[in-house]
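Single-structure report; data block below.
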Amino acid sequence: MYEQTSHALLNRILDRLKPEFRKRDLRYFYTRLGANFYAIHSLFKQLYGQRDNFETQMVRLVEVLAQNYIERNKRYKKQDMQREQQPDWFLDQRWVGMALYANAFAGNLAGVNEKLPHLEELGVNLVHVMPILKCPPGASDGGYAVSDFRDIDERAGTLDDLRELGKALRKRNMLLTLDVVLNHTSDQHEWAQRARAGEAQYQDYYFMYPDREIPDRFEAAMPEVFPETSPGNFTWDESTGKWVMTVFNHYQWDLNYRNPAVLIEMLDIILFWANQGADVLRLDAVAFLWKNIGTACQNEREAHVILQLLKDCCQVTAPGVLFIAEAIVAPVEINKYFGEDAVIAKECEIAYNATLMALLWDAVATRNAKLLNEGIQNLPAKLDGATWLNYVRCHDDIGLGFDDADIECAGYDPRSHRSFLVDWFTGAHDVSPARGRPFGKNERTGDARIAGSLASLAGLEAALEYGDNDEIHRRIRLVLTLHGIILSFGGIPLLYYGDEVGTLNDYGFLEDATKAGDSRWLHRPTLDWQQVMRRNARNSPEQRIFDGLGHMIEVRKQTPAFADFNNRELLRCSNPHLFLYLRSALSDEHSPVLVAANFDAEAQQLSLADLDTPAWLANEGARELLSKRVIEPGQGHLDIPAFGLLWLARPG
Ligand code: OTU
């Protein structure tokens, strides 16, 4: 948009830019800067307009954009232009992701490179390599306490190793996803060290207070993220005699985005990793980016302004790069991370679907889809051009962030239902086969979350222990059905490393003092490749899970109705154990698909008289895509085995 004030400013900035930014062929850069400048200026002004050095900061911001554009390699610039031709490329059903720790999955980055055939065989073509940046030895929150944002931790390898991995991925048409930890740094980061040494410039990068006055005012409304290991939101720093804001662990110092220098530094870092070949950047803990006294300091309006600004800036320099919002927040809040009031995504193109994830576990524990149906029904519609990251497990805990009103609609009392779920998954419930542990227990509020590997939470660990073959079969089916839902729901499915062979809990963390207090390590296993390779042994659980998953992934990729064009409709039926949705097709050439999952440990029937849509199911019958079974027309009902899943397409 052309608007005089911002355009006049843009012209002044261009005059002030260093000569090298004028000489080069920056045509595409400048057309995009012109297109986005009004937005960039307005957003930057909302946050920093009252500062005397506003214009100098704006010059700095544009320099960062131009410098990173100059440094961006030709190949990526070409890819940016290709993606511009087909902006909805990432909504396609061909993408299937996996998140993994380089070291726990395969020793280091070079090891991941060697294991790409394993991922390719499974059908994974988007690899999220979890944090690999420099971290202090000892506790570093699994890499989320970064001490140098531009260097790779030697435990993972080198920048060269990452480039090699990037090259190998591109050869295989696979995408690379990397983390950018925006909200905080390690207390060992140079900025924190210089703040500690008394440099005022760097103390302004953080929230530091000489006494408890402001910290206490903040605390009054802030929840605690890690109440057991890191209670409170401030940590006393001996060397400066100040309280430092540390929302996560005491060694993770929150960055102060009220200081424009912080925003520009972090933008520079985002563009640096875009230039290292990342196709997708996972922006960690974005809900926390802005703090206002008297609020929970999550989901603040300014956090959204920051994300819009980062997106508008990234579009100028590296427009082909996507953002994932890692915001594990209430259903009513999550959609805002795509960008409100926008037709195309204006903040992050992709967001973690924590709502679906937690609801799936509710369905596992209750063996019915009552709350799952309520929750999905009330998940607000998202923008076109934005998509979910659908997952069953990840490296974090399972938080029970459902809406209280939904829990009540499903017929439960919110408080007792949540404690039932924690008990069910952590072994406090006699009849439960789940083997998880509590995480983040807050004695004051009674809240708790759940840790544990997918297979152990789904009852496979217990079934194997009892050696009960039927039960092992059923639990494997549950593992597959949970995956079958994220593969067909609409969005990018993100598998979690180890789950492709049903890896059980790893209790080894209890022996390591830097991990023992954080039960999330229960489900961050170091893979034993001898066990992984049992996926080649006929009828082993590993083989059944790996091949079952691989088959579903293959079928997903051939099923255009599974692309995400907001083409999902939830269907209700009278059998509470069943979860049903219809994925419509974009054109008549393709078939719609009805997905039906049974969360009960007994076989269940889906009565067709119950469903008026889709009409073809009763009239024409169906093709079950996974088993290739043909269902004749005129059936009164369909049988769905215990924990079974059907993908029903129109016959023919
Ligand atoms: C993220 O987590 C990471 O995924 C965690 O591994 C890190 O510990 C944390 O940030 C700090 O870097 O901020 O918006 O409940 O779900 O802390 C969500 C724990 C986050 C995580 C939560 C999350």
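The values are calculated or read from the model by the stated rules, or taken from the named source; none is laboratory data. Keep in mind the model is a prediction, meaning the values are calculated, not measured. Reconstructed Cβ throughout: ideal geometry from the backbone, glycine too, with neighbour counts over all protein chains shown. When the accessible area is computed, the model is the full protein with side chains, heavy atoms only, and any ligands, DNA or RNA have been set aside. Shrake-Rupley method; radii C 1.70, N 1.55, O 1.52, S 1.80 Å.
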In the stretch 310-391, carbon and sulfur make up what percent of the accessible area (probe 1.4 Å)?
49
Taking the Cα atoms of the stretch 377-520, what is the range of coordinates along each of the three principal axes, in descending order and whole Å?
45, 38, 34
Long-range amide H partners of residue 184 with built H, under 5 Å
255
Would you mind computing Rg(Cα) / (2.2 N^0.38 Å) for the stretch 566-649, counting N as its residues?
1.02
Any idea how far the Cα center of the stretch 164-211 sits from the one of the stretch 93-147, in Å?
18
Of all chymotrypsin sites (Phe, Trp or Tyr not before Pro) in the stretch 1-96, which ones are in loop regions per DSSP and have a Cβ with at most 13 other Cβ atoms within 10 Å?
2
Would you mind calculating the relative contact order of the stretch 566-649 from Cα pairs under 8 angstrom and at least 6 residues apart, reporting the percent as a whole number?
31
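Output the peptides 513-524, 580-591 sorted from most to least packed, where packing is the average of other Cβ atoms within 10 Å over each peptide's residues.
Most protected by this proxy first, the peptides run 513-524, 580-591.
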Name the aspartates and glutamates eligible as straight-distance cross-link partners of residue 18: C-alpha to C-alpha under 14 Å, and not fewer than 8 places from it in the same chain.
63
Going by the alpha-carbon gyration tensor, a ≥ b ≥ c the square roots of its eigenvalues, is the stretch 524-608 rounded (a/c under 1.5) or, if a/c is not under 1.5, prolate (a/b greater than b/c) versus oblate?
oblate
1.4 Å probe accessible area per residue over the chain, in Å²
39
Using amide H atoms built in the peptide plane, which far-off residues or other-chain residues are under 5 Å from residue 339 H to H?
346, 347, 348
Share of the stretch 566-649's accessible area from carbon and sulfur, percent, 1.4 Å?
48
For residue 439, which sequence-distant residues (separation of 5 or more, or a different chain) have an amide H within less than 5 Å of its own amide H, given hydrogens modelled in the peptide plane?
449, 450, 451
Output wanted: per-residue J couplings in Hz (rounded whole) for the stretch 109-119, from phi through Karplus 6.51 cos²θ - 1.76 cosθ + 1.60, θ = phi - 60°, x for Gly and Pro.
4, 4, x, 4, 3, 5, 8, 4, x, 4, 5
Indicate, rounded to the nearest 5 percent, the antiparallel portion of the DSSP beta bridges found entirely in the chain.
60
Roughly what angle does helix 27-48 make with the longest principal axis of the chain, taking Cα atoms, 0 to 90 degrees, to the nearest 10?
80
Relative to the longest principal Cα axis of the chain, at what angle does helix 414-426 sit, 0 to 90 degrees, rounded to 10?
80
For the stretch 55-71, in order, what is each residue's ³J(HN,Hα) by Karplus, 6.51 cos²θ - 1.76 cosθ + 1.60 with θ = phi - 60°, in whole Hz (x at glycine and Pro)?
5, 4, 5, 5, 4, 4, 4, 5, 4, 4, 4, 5, 4, 5, 5, 4, 7
Please sort 178-191, 627-640, 407-420 by packing, taking for each peptide the average over its residues of neighbouring beta carbons within 10 angstrom, highest first.
178-191, 407-420, 627-640
Solvent-accessible area, 1.4 Å probe, carbon plus sulfur percent, for the stretch 10-69:
47
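Pairs of Cα atoms under 8 Å, at least six residues apart: use those to get the relative contact order of the chain, whole percent.
Worked out over the chain, it gives 12 percent.
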Taking the chain as the reference, fit the longest principal axis to its C-alpha atoms, fit the long axis of helix 4-16 to the helix C-alpha atoms, and give the angle between the two in degrees, 0 to 90, nearest 10.
60
Which whole-Hz couplings ³J(HN,Hα) result when phi for each residue of the stretch 151-163 is put into the Karplus expression 6.51 cos²θ - 1.76 cosθ + 1.60, θ = phi - 60°, listed in order with x for Gly and Pro?
9, 8, 5, 5, 5, 8, x, 10, 4, 4, 4, 5, 4
